[in-house]
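The structure under discussion appears below in the form of structure tokens.
The values are calculated or read from the model by the stated rules, or taken from the named source; none is laboratory data. From a predicted model like this one, the values you see are computed outputs, not experimental measurements. Because the Cβ atoms are built from the backbone with ideal geometry, glycine has one as well, and the counts that use them run over all protein chains shown.
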Amino acid sequence: MMSSIYFLRWSYRKKAVVVVLVFLCLRIIVSNFLDVGNDESYYWTFSQQLQWNYFDHPPMVAIWIRLFTANLLLEDYTFFLRLGSFVGAAISSYFIYNAIKAVSTDKAGLAGVFLYNISFYTFLTTGLFIMPDTPQMVFFTASMYFITQILKNDSRKRAWIFFGITAGLCIMSKVHGVFLWGGLFLYALIYKRAWFKNAGFYISMLITAVIISPILIWNIQNDFITFRFHSERITVNEKSSFNMMGLLTEIIGQIVINNPFNIGLIAFFFFKRFTTKSKAALQVFKLIGITLLVVILTIALFRNTLPHWSGPAYISLLPIAAIGLSQIKFSTSKAFTASAVVYTILSLSLIVIAVNFYAGSYSNATGIEIGKNDISLDAYGWKEGGEKFAVYYNSQHTGNKRPPLVCNTWWGGHDEYYFARPLNIKMIGLAPVLNIHQYAWRMATDTVNLKMDTAYAIVHSYDYFDAKKTYGSYYNKVDSVFTIPVMRAGKLAYNFNIWRLSGWKQHF
């Protein structure tokens, strides 16, 4: 009782630090129960060969991984692979606190830190898993803070310069960062046209342009492959059909991933009038968030979208919820906070239990496709599978001749991290660039002096494909050698089917 009273007497900044540390511990605990996933392992492959840009995304995630694994010296450890996400969540919380404090009060800043950390987008996608969204959110929240400083005194070039840097680095993490400039530009156009005569505005824009120029240069050198790939995913054309179910799915996904409590608060307080230090900053944040949401929801009407794309939009709207929460009566905010904590912890616990302790698979599929469409298997059984494969592989290849693994899709990165990396063997992509993505750029270095006459392929039962048909155009002989069963709670969840390929047809 006394400790809780003592805690209440702390400054809001100290309380915010406690919130960050508590959620840091939760992230580490949850991470310990989840294997490195498909997307994470693919972005890990970026770090193996630094470039100015990659097929799917800009290079910041690769730099982030290098930085927090001590230039890959610690890449074998899941903790260090994800360390950048843990640290990034704490840094982002710092900027959220200060951005909201600059607009309102320390109390609102504390509320913002709490709401930021209970979002599943920021807890999992950016704060636990290592994704392009991880560094993006650090620089996105930093940019939000510098927006408040610009609006505090737009004649000071320092704030403009820092915004130009952080917005540029945000875009170098993920292109969603362009909406920072989109929101700021709309604000200038609607409310602050004097900025078009402000040198700081153009200096900031120039800094961002210089920082993100490697994306453009790389794409010029590579036939604009990144732009063509992503535009194909989101462009609405004559082949696109109206899909109301897709829009509904996206809306539900956004509510789930950004936490219903956060969405509810944002919606409730969106049109409320607050006592704030800077209503202008809230207007900019609204323009950033609403613009991004309108774009995503419009695309969702015609094309498949992913809920986590909306994450930055809701983070830019988070100050609205935080200020509103800080200005309602204590008993109501206390009840809300307690409910949100219980819901969040319960949800995370269910995720851990579902991944690690459900007997077998959630899928009804059997036979060669057992586990099909069970997304929980993306984070379960991989380390065990890799260890069993290593025993077989080392029994077959004791000399210097170490046959590579091959894959036909970009998610071969999962196999590379758990099967190829521990054995120090190569993963080679054998498929068109639109299937293997970044593996197409690794071929030039990874195949130097590499004997391809023998190779191995791994077919997962939950994502089954015909290995003979897939690799028959590359090898004369494709043989099934053995199966690694993955058990969960005493029941078969899925299989790793190991295939041996021989008789290389010299495609390189």
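The criterion of at least 1 residues that are modelled with pLDDT of 95 or more, over 25 Å from the mean Cα position of the chain (by Cα) and hydrophobic (A, V, I, L, M, F, W, C) is met by the following helices (runs of 4 or more DSSP H) wholly inside the stretch 147-259: 157-171, 178-190, 199-221.
Can LYS152 be described as basic (Lys, Arg), farther than 30 Å from LEU34 by Cβ and in contact (Cβ under 8 Å) with a residue 60 or more places away in the chain?
Values: basic (Lys, Arg): yes; farther than 30 Å from LEU34 by Cβ: yes; in contact (Cβ under 8 Å) with a residue 60 or more places away in the chain: yes.
Judged against the criteria, LYS152 is a match.
Can you tell me how many residues within the stretch 279-331 are among the polar types (S, T, N, Q) and under 15 Å from ILE263 (Cα atoms)?
Residues that pass the stated criteria total 2.
Listed residues ILE458, ILE498; which is among the aliphatic types (A, V, I, L, M) and either modelled with pLDDT under 95 or touching a Cys at 6+ places or on another chain (Cβ under 9 Å) (or both)? Unique residue meeting the criteria: ILE458.
For the stretch 404-500, list the strands (runs of 3 or more DSSP E) that sit wholly inside it and hold at least 2 residues that are within 30 Å of SER231 (Cα to Cα) and touching a Pro at 6+ places or on another chain (Cβ under 9 Å); which are they?
427-429
Among the residues of this structure, ILE266 does not count as one that is in a helix (DSSP H, G or I), farther than 30 Å from ALA281 by Cβ and not hydroxyl-bearing (Ser, Thr, Tyr).
The residue list ILE323, ILE345 contains one member that is part of a helix (DSSP H, G or I) and under 22 Å from the mean Cα position of the chain (by Cα), which is ILE345. For residues that are surrounded by 22 or more Cβ atoms within 10 Å (Cβ to Cβ) and touching a helix residue (DSSP H, G or I) at 6+ places or on another chain (Cβ under 9 Å), scanning just the stretch 463-494, find the one that is nearest to GLN396 (Cα to Cα). That would be VAL486.
Whenever a residue of the stretch 310-338 is closer than 15 Å to LYS272 by Cβ, its partners that are part of a helix (DSSP H, G or I) and of a type in the set (Lys, Arg), lying with C-beta atoms within less than 8 angstrom and at least six residues away or across chains, give the pairs LEU317/LYS286; ILE320/LYS286; SER326/LYS107.
Tell me whether the stretch 43-56 contains one or more residues that are of a type in the set (A, V, I, L, M, F, W, C) and over 13 Å from GLN438 (Cα atoms). Looking for residues that are of a type in the set (A, V, I, L, M, F, W, C) and over 13 Å from GLN438 (Cα atoms), one finds none in the stretch 43-56, hence no.
Those helices (runs of 4 or more DSSP H) of the stretch 1-105 in which at least 2 residues are crowded, with 22+ Cβ neighbours inside 10 Å, considering only elements entirely within it, cover 12-31, 38-47, 60-68, 83-103.
Quick check on ASN449: is it at positive phi and surrounded by fewer than 19 Cβ atoms within 10 Å (Cβ to Cβ)?
On the way: at positive phi: yes; surrounded by fewer than 19 Cβ atoms within 10 Å (Cβ to Cβ): yes.
So ASN449 passes the test.
Per the conditions (1) more than 20 Å from GLN327 (Cβ to Cβ); (2) free of Cβ contacts under 8 Å to residues at least 40 places away in the same chain, the sole criterion not satisfied by ALA142 is (2).
Looking across the stretch 260-312 at every residue that is small (Gly, Ala, Ser) and surrounded by fewer than 19 Cβ atoms within 10 Å (Cβ to Cβ), the one that is farthest from the chain's Cα centre (by Cα) is identified as SER278. For the stretch 387-400, the count of residues that are of a type in the set (Gly, Ala, Ser), part of a helix (DSSP H, G or I) and closer than 16 Å to SER41 by Cα is zero.
Within the stretch 498-508, one or more residues are out of contact with any Asp or Glu (no Cβ under 6 Å at 6 or more places or on another chain) and within 30 Å of PHE357 (Cα to Cα).
Starting from residues that are surrounded by 14 or more Cβ atoms within 10 Å (Cβ to Cβ) and among the small types (Gly, Ala, Ser), keep the ones in the stretch 380-395 and report whichever is farthest from VAL30 (Cα to Cα). Per the stated criteria, the residue is ALA390. Taken over the stretch 409-422, the criterion of being surrounded by fewer than 22 Cβ atoms within 10 Å (Cβ to Cβ) and either of a type in the set (Ser, Thr, Tyr) or modelled with pLDDT under 95 (or both) is satisfied by THR409, TRP411.
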